[in-house]
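Colleague: Structure in structure tokens, see below.
The values are calculated or read from the model by the stated rules, or taken from the named source; none is laboratory data. All of these numbers come straight from a predicted model, not from anything done at the bench. Here the Cβ is made from the backbone with ideal geometry for all residues, glycine too, and neighbour counts use every protein chain on show. Keep in mind that these areas ignore ligands, DNA and RNA; they rest on the heavy atoms of the full protein, side chains included. Shrake-Rupley method; radii C 1.70, N 1.55, O 1.52, S 1.80 Å.
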Amino acid sequence: MIRIVLSTDSVGFSRNATLLASILRRSALPVAARIYTRGFEVPSFEVGRLSVEFCRCDDRVIGSYPGHVSQAVFDRLRIIRDEEEWDRVLVMDHDMIVLCDLAPYFEESFDGNLLMGRLFGAGNTLGYQMSPRGGLPPSLSHCAVYPYFFMGPMMNLAAMRKEGTWEHLLECHEAIGQDEQISLTAATGGRVKGVSKRWNLVPQWDKLEEISPVRGEWH
């Protein structure tokens with residue numbers, strides 16, 4: 001099964017439908033989505049291979065967020081606390097679209113890591129990201145060397161439950177006071193398995209034909 005988590009405010013809500021449709025179009029597996037909605041309610045539903053559970057969020061979220069997003073982006077990380085059965089979940093954004101079958105990605109091994117995702121590369125660490133933001137607080141200075149990754153990662157929920165990652169995430173989020181990606185990087189101890197950029201392409205930087213030279217793989 002393909003399991004994804006999203007979160008949205010009312011402005012971005014309608015865009016999630018395009019993402020879900022792109023996943024279903026390219027995979028034969030059932031798709032389960034948890035969508036956290038900030039400040040409004042939507043009835044959950046199930047149709048065909050797709051099941052969508054909506055969870056309303058109203059509580060205050062701390063931190064400073066970039067101008068192009070709202071505090072709703074933090075809400076998707078609540079699945080670490082809320083989901084007691086899923087072993088993994090792929091974090092996604094409503095401005096993403098899926099161009100291939102996600103099934104092989106859900107078969108990848110975490111190899112003992114808490115996250116999988118595309119890494120920014122050598123030198124692009126949490127310390128580097130925090131440098132223009134005033135640096136990390138002294139209590140988290142050891143996190144400076146942790147590799148920085150693209151949102152959204154695949155999260156190892158089974159391991160996170162055992163290790164108390166949710167509680168650690170809240171501590172990091174309060175101490176750092178920045179967006180959820182920064183906090184998640186600190187809370188997962190640098191345990192991120194880098195995967196092929198085919199799982200997180202960036203149109204401004206990547207050329208599709210260089211990632212997948214076999215014509216017809218992407219459709």
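Colleague: Whether any residue in the range 139-149 is open to solvent by less than 20 Å² (accessible area, probe 1.4 Å) and either in contact with a Phe, Trp or Tyr (Cβ under 8 Å, 6 or more places away or on another chain) or among the basic types (Lys, Arg) (or both) is what I want to check.
Modeller: Checked against the condition, which is being open to solvent by less than 20 Å² (accessible area, probe 1.4 Å) and either in contact with a Phe, Trp or Tyr (Cβ under 8 Å, 6 or more places away or on another chain) or among the basic types (Lys, Arg) (or both), the range 139-149 yields at least one hit.
Colleague: Of the numbered conditions (1) free of Cβ contacts under 8 Å to residues at least 60 places away in the same chain; (2) among the aliphatic types (A, V, I, L, M); (3) open to solvent by less than 30 Å² (accessible area, probe 1.4 Å); (4) in a loop (DSSP other than H, G, I, E, B), residue 52 fails exactly one; give the number of that condition.
Modeller: All conditions pass for residue 52, except number (4).
Colleague: Can you give me the ranges of the strands (runs of 3 or more DSSP E) entirely in the range 89-197 with at least 1 residues that are of a type in the set (Val, Ile, Thr) and under 30 Å from residue 24 (Cα atoms)?
Modeller: Strands (runs of 3 or more DSSP E) meeting the threshold: 89-91, 192-194.
Colleague: While we're looking at this one, here's another question. Looking at (1) at pLDDT 95 or above; (2) open to solvent by 20 Å² or more (accessible area, probe 1.4 Å); (3) under 19 Å from the mean Cα position of the chain (by Cα); (4) not charged (D, E, K, R), which one does residue 79 not meet, given that it meets all the others?
Modeller: (2)
Colleague: Mind telling me which of the residues 123, 112, 134, 152 ends up being open to solvent by 20 Å² or more (accessible area, probe 1.4 Å) and touching a residue at least 24 places away in the same chain (Cβ under 8 Å)?
Modeller: That would be 112, the only listed residue that is open to solvent by 20 Å² or more (accessible area, probe 1.4 Å) and touching a residue at least 24 places away in the same chain (Cβ under 8 Å).
Colleague: (1) farther than 22 Å from residue 198 by Cβ; (2) at pLDDT below 95: which one isn't true of residue 162, the others all being true?
Modeller: Tallying (1) farther than 22 Å from residue 198 by Cβ; (2) at pLDDT below 95, residue 162 fails exactly one: (2).
Colleague: Given the options 22, 14, 44, name the one that is surrounded by fewer than 19 Cβ atoms within 10 Å (Cβ to Cβ), touching a Phe, Trp or Tyr at 6+ places or on another chain (Cβ under 8 Å) and not aliphatic (A, V, I, L, M).
Modeller: 44
Colleague: Test each condition in (1) under 15 Å from the mean Cα position of the chain (by Cα); (2) modelled with pLDDT of 95 or more for residue 94 and report the one that comes out false.
Modeller: Result: residue 94 passes all but (2).
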